[in-house]
There are 4 protein chains.
Amino acid sequence: DRPLTLIAGPCQLESRDHAFDMAGALKELSERLGIGLVYKTSFDKANRTSIGGKRGLGLEASLAVFADLRKAFGLPVLTDVHEPGQCAEIADAVDVLQIPAFLCRQTDLLVAAARTGRVVNVKKGQFLAPWDMRNVVAKIAESGNPNVLATERGVSFGYNTLVSDMRALPIMAGLGCPVVFDATHSVQQPGGRGGSSGGEREFVPVLARAAVAVGVAAVFVETHQDPDNAPSDGPNMVPLAEMEGLVRTLMAFDALAKG
Amino acid sequence: DRPLTLIAGPCQLESRDHAFDMAGALKELSERLGIGLVYKTSFDKANRTSIGGKRGLGLEASLAVFADLRKAFGLPVLTDVHEPGQCAEIADAVDVLQIPAFLCRQTDLLVAAARTGRVVNVKKGQFLAPWDMRNVVAKIAESGNPNVLATERGVSFGYNTLVSDMRALPIMAGLGCPVVFDATHSVQQPGGRGGSSGGEREFVPVLARAAVAVGVAAVFVETHQDPDNAPSDGPNMVPLAEMEGLVRTLMAFDALAKG
Amino acid sequence: DRPLTLIAGPCQLESRDHAFDMAGALKELSERLGIGLVYKTSFDKANRTSIGGKRGLGLEASLAVFADLRKAFGLPVLTDVHEPGQCAEIADAVDVLQIPAFLCRQTDLLVAAARTGRVVNVKKGQFLAPWDMRNVVAKIAESGNPNVLATERGVSFGYNTLVSDMRALPIMAGLGCPVVFDATHSVQQPGGRGGSSGGEREFVPVLARAAVAVGVAAVFVETHQDPDNAPSDGPNMVPLAEMEGLVRTLMAFDALAKG
Amino acid sequence: DRPLTLIAGPCQLESRDHAFDMAGALKELSERLGIGLVYKTSFDKANRTSIGGKRGLGLEASLAVFADLRKAFGLPVLTDVHEPGQCAEIADAVDVLQIPAFLCRQTDLLVAAARTGRVVNVKKGQFLAPWDMRNVVAKIAESGNPNVLATERGVSFGYNTLVSDMRALPIMAGLGCPVVFDATHSVQQPGGRGGSSGGEREFVPVLARAAVAVGVAAVFVETHQDPDNAPSDGPNMVPLAEMEGLVRTLMAFDALAKG
């Protein structure tokens, strides 16, 4: 039972400067608190609610920024992939490839990600039972890559609502892979604002505490210096200024849970 | 933020001897660990899945046992009520009247329970949103009784399954009443065995830890010296022998959550 | 496969005059269209969302009106019961005793209703799987009353929402009892207006058509001359003026479904 | 209100011979009954539950078969696409491009499909509210293609279960596009057999009747001469020998619904 890891960063890669600001602040925070950090950022938001939603900096420009972030801060970087053909190229610039929840059953994408040899973090689909992740994880493992993380990010519960079933955490841990709790997307209200998704930021600490008390390998929290003006997932990102208090609390619960 | 209270006992009042054994063991345990205890027992299981399910000792015989338990152990006793006409009589023999989840919108029952002046513990219906407990609590409070507890015990999630939404805990706390997490019925599989309900006892500690980490006033756990042979709710009761470990863990999480 | 029966009436018994107006209008309509009619009305809305919600005329006053309605119009009358002790008295004044959905697992109420010998219409709880109605129906049948109707009225689907699973209709028919589709409460939004339930009247004809096409014994539709000013369930009652068109359509689908 | 169209075929393209047998039989049936037919077949099952599940004949071999089917039978062909890069090539060989439910929010795929100018049939995600299809349809329409079909195929309802909300049909029709009811996947039990999805074939006619009575432009039914031995979706495909009875019934309900 190794101590909790933090996967954090803004929802999307907005610009090189923004990425360096955020990564620098999180790096400093993680060192001060003594918690392992993976920097999360997306080069492309490929499934925005609306066609007009901002999608990020794009693949080519982002890869250069990812490489520079790793060099400048010595931080492992996580990003999500959307098509099999992207995996190999992206794998050179990051440490963890993330499979988005909607895509968790796309065999070709899972296999392509697996074959890069990078750690693969698969988000459990909103439509999937936790025990069904066995087949998802197997698609990656049977492609020769045992380094799989499984992420809980809420399950469909009526319309425009997700619920976090904490039983999913030990069930997925029983598959033999480290389990991540995504506290940001678990409080999303899919499509809840008509042309974009809503969210309930105030429940991020609630669900994160619950998950860490149950026991997880890592917690995933998107953060931004000004969430209300962020281009995506603003309603459910945690303000950067509140991260220290949140992470301190989670570390204390983690120590108790694993102690 | 007062420390966690334990509401515990067997699902039903099986016999005077059984009640004394269980109450004695739980009393001893609660004193040793230094946690407040309310003894829970039902005189009548009025909504068994099947008509053939055992229902308990019945009202008259039970009230005498309740009175003796209180005298012998100095324990507050909680039991559930099913009809308005029962409330006054039962109130004389117990400390907390509990409204079953299915009945949480029966106005007459809520009002009759309220008028006894006893503490009323209302279980949130499996069909109710947490914010809808506002109206339920108001039915009691407006009947002149401010001593209301609100209990989370899972919400319908597809067929034969409940899910525990941890967001419900702070939402109900926002109504101004102490919140109880019922870890026993939250892991019930309603009707899951055809002629009776199933349950997944192994998730009781999982969900209880999560709830206590989020912050609750009390945790409700049904226990039995031999759950697999208990007349009701066996699949989701915690063996008496495992209670000490469970309660110790929950007390540690509670101290951290409220510290 | 007997032709479709219509169970209709206002949500609650507002006054003797109102009851006679509604029953007269529905009687006339049913004779003109050639459909069997059961007049539905409630003497007490025992589970209003809020304590301040109007509950109807009350038991004593209502029973006299029920008797007069039966005599004046030769109509069978259906009403719901809430406590075991009410059943015998009410049974003398009506033809069908209805068990509310929240109460469908209260054994004593089911048994008391069964013992009156009247037809018992049990609404499936919002928290119940269709196959779990087997145990509910058995509680009545094993009490010596084979005259049981099973009503579908929606199942919990997230918060403040119900969904109608049309598979429930043949599953419940497989239990051997006539199946009723309650088109009014299936479009309810429980608690959806904060202090009262909302509803989506526009979906009554949609769901009723679907259910009748699948095949049901009866359709249950609450109606009112002025739903928007009715004391309860206004948002999901059908205006009386629209009933003829709706019933004509349902009769045509019923003839095709059973032809 | 044009008469009902039938979208039918086996789940996957198993072989050229099998495709010709199935298409020939369906073509003959559709002409005899006088219903428009679109032949459905998949060249690749890209999201099988398990990595070992059969995926079909593959892209290149399939396109030749599609072209031959169109020439031999004069039938429009529908197939699903999984990556943006596939759309243009496949569009040359088929009449309708179908977006799988899991992929209904992948902007690039929607745009690539739209730009082919072919009719695009988008399946509503199991995680999506019907009103959220507005944004999905807009992604296609704003890419210059107004020829969009929206398909209902069930929504997540607890674990391993879908439910068909018939209200979704008029809600999606309100978006201005023809609505298809997929009776095959609506009765799927996702992941319900551990390593593969289960299904309840007996409910296909139930849900299809309900949907057609509500009113749809087309019904989608997968069929196979021997479903129990089909390589995918066997539990929810309709035996070819039962298609005539089913389609006749649906045509009668459609005539009544639109008459």
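The values are calculated or read from the model by the stated rules, or taken from the named source; none is laboratory data. A quick note: this is a predicted structure, and the numbers were derived from the prediction, not measured. Glycine gets a Cβ as well: all are built from the backbone with ideal geometry, and neighbour counts include every protein chain shown.
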Residues that are over 15 Å from the mean Cα position of the chain (by Cα) and over 19 Å from residue D:227 (Cα atoms), drawn from segment D:2-26 | D:2, D:3
Restricting attention to segment A:238-258, does a residue exist that is part of a loop (DSSP other than H, G, I, E, B), away from chain B (no Cβ under 11 Å) and farther than 20 Å from residue B:171 by Cβ?
-> no
Of A:134, A:153, the only residue that is more than 17 Å from the chain's Cα centre (by Cα) and more than 14 Å from chain C (Cβ to nearest Cβ) is A:134
Got a number for residues in segment D:132-155 being free of Cβ contacts under 8 Å to residues at least 40 places away in the same chain and closer than 30 Å to residue D:194 by Cβ?
-> 2
Going through segment B:211-234 one residue at a time, which ones are assigned to a helix (DSSP H, G or I) and either out of contact with any helix residue (DSSP H, G or I) (no Cβ under 6 Å at 6 or more places or on another chain) or closer than 24 Å to residue A:258 by Cα (or both)?
-> B:211, B:212, B:213, B:214, B:229
Restricting attention to segment B:78-98, and to residues there that are among the charged types (D, E, K, R) and within 30 Å of residue C:126 (Cα to Cα), which single residue is nearest to the other protein chains (Cβ to nearest Cβ)?
-> B:83
Report whether or not residue C:16 is within 14 Å of chain B (Cβ to nearest Cβ) and of a type in the set (D, E, K, R).
-> no
When (1) more than 17 Å from residue C:212 (Cβ to Cβ); (2) of a type in the set (Ser, Thr, Tyr); (3) buried (at least 21 other Cβ atoms within 10 Å of the Cβ) are applied to residue C:164, the one that fails is (1)
Note on residue B:92: of the conditions (1) touching a residue at least 24 places away in the same chain (Cβ under 8 Å); (2) more than 24 Å from residue C:83 (Cα to Cα), unmet is (2)
When you scan segment A:161-175, how many residues do you find that are within 14 Å of chain C (Cβ to nearest Cβ) and hydrophobic (A, V, I, L, M, F, W, C)?
-> 2
When only residues in segment B:41-69 that are β-branched (Val, Ile, Thr) and away from every other protein chain (no Cβ under 12 Å) count, which is surrounded by the most Cβ atoms within 10 Å (Cβ to Cβ)?
-> B:41
Evaluation of residue B:210 against (1) over 18 Å from residue B:80 (Cβ atoms); (2) in contact with a Phe, Trp or Tyr (Cβ under 8 Å, 6 or more places away or on another chain); (3) within 14 Å of chain A (Cβ to nearest Cβ) (one fails), failing number | (2)
Hey, residue A:158 within 14 Å of chain C (Cβ to nearest Cβ), farther than 24 Å from residue D:193 by Cβ and modelled with pLDDT of 95 or more or not | yes
All-but-one check, residue D:53 against (1) within 22 Å of residue D:145 (Cβ to Cβ); (2) touching a residue at least 60 places away in the same chain (Cβ under 8 Å), failing number (1)
Given the structure, is residue C:201 touching a strand residue (DSSP E or B) at 6+ places or on another chain (Cβ under 7 Å), within 14 Å of chain D (Cβ to nearest Cβ) and among the basic types (Lys, Arg)?
-> yes
Sort out which residues of segment D:110-131 are surrounded by fewer than 24 Cβ atoms within 10 Å (Cβ to Cβ), away from every other protein chain (no Cβ under 12 Å) and not charged (D, E, K, R), and write them in order of number.
-> D:116, D:117, D:119
Options D:20, D:73, D:43; residue that is modelled with pLDDT under 95 and aromatic (Phe, Trp, Tyr) = D:43
Regarding residue C:144, is this residue at pLDDT 95 or above and over 21 Å from residue C:46 (Cβ atoms)?
-> yes
Of the residues that sit in segment D:37-55 and are of a type outside the set (Lys, Arg) and touching a Leu at 6+ places or on another chain (Cβ under 7 Å), which one is farthest from residue A:139 (Cα to Cα)?
-> D:37
Within segment C:19-35, track down each residue that is under 18 Å from residue C:242 (Cα atoms) and out of contact with any Gly (no Cβ under 9 Å at 6 or more places or on another chain).
-> C:21, C:24, C:25, C:28, C:29, C:31, C:32, C:33, C:34, C:35
Could you tell me which residue of segment B:203-259 is farthest from residue B:162 (Cα to Cα), considering only residues that are of a type in the set (Phe, Trp, Tyr) and out of contact with any Pro (no Cβ under 9 Å at 6 or more places or on another chain)?
-> B:253
Some residue of segment D:70-77 being within 14 Å of another protein chain (Cβ to nearest Cβ), surrounded by fewer than 23 Cβ atoms within 10 Å (Cβ to Cβ) and among the charged types (D, E, K, R) = no
Looking only at residues in segment A:99-109 that are touching a residue at least 24 places away in the same chain (Cβ under 8 Å) and within 8 Å of chain D (Cβ to nearest Cβ), which one is nearest to residue D:104 (Cα to Cα)?
-> A:102
Residue that is farthest from residue C:53 (Cα to Cα) [pool: residues in segment C:187-216 that are surrounded by fewer than 23 Cβ atoms within 10 Å (Cβ to Cβ) and within 16 Å of the chain's Cα centre (by Cα)] | C:205
